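Let me begin by presenting the structure, written as structure tokens, before commenting on it.
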Amino acid sequence: MYFYTYILAGRRNGVLYTGSTDDLLKRVVEHREKLRGGFTAGYGVSRRVWFECRGTRDEAFRRERQIKEWRRAWKLDLIERMNPGWDDLLPTLL
């Protein structure tokens, strides 16, 4: 089983949200359909623009916390290196 750390964005260089989960497809759909409420629903953040796999839930959570502490410029660089077009990566899960 894999665990994921991910970043969602509303648009290129827009509001960012970092999270972690064991079911990336389910979680992104929950954000997109505003089923979870909270930050992502309020700010319209639903495009998966970055993610990585981790071996344990704890590793994914620690990576989430690490990224949340980063400066915004570092997060933008992380996204740009993996996804320079800021494409919504949800279709890669289907």
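A few points about this structure:
- Pair list, Cβ < 9 Å and 6+ apart or interchain, from segment 29-46 residues that are outside any helix (DSSP H, G or I) to residues that are β-branched (Val, Ile, Thr): LYS34/THR40; LEU35/VAL29; GLY44/VAL15; VAL45/VAL15; SER46/VAL28; SER46/THR40
- Residue within segment 65-81 that is β-branched (Val, Ile, Thr), part of a helix (DSSP H, G or I), at pLDDT below 95 and out of contact with any Lys or Arg (no Cβ under 7 Å at 6 or more places or on another chain) present: no
- Exactly one residue out of ALA41, ALA60 is more than 23 Å from ASP77 (Cβ to Cβ) and among the small types (Gly, Ala, Ser): that is ALA41.
- Whichever residue in segment 1-17 is part of a strand (DSSP E or B) and out of contact with any Leu (no Cβ under 8 Å at 6 or more places or on another chain) and, among such residues, is surrounded by the fewest Cβ atoms within 10 Å (Cβ to Cβ): PHE3
The values are calculated or read from the model by the stated rules, or taken from the named source; none is laboratory data. Everything numeric here is computed off the predicted structure, so don't read it as measured data. Backbone-built Cβ (ideal geometry, glycine too); neighbour counts: all protein chains shown.
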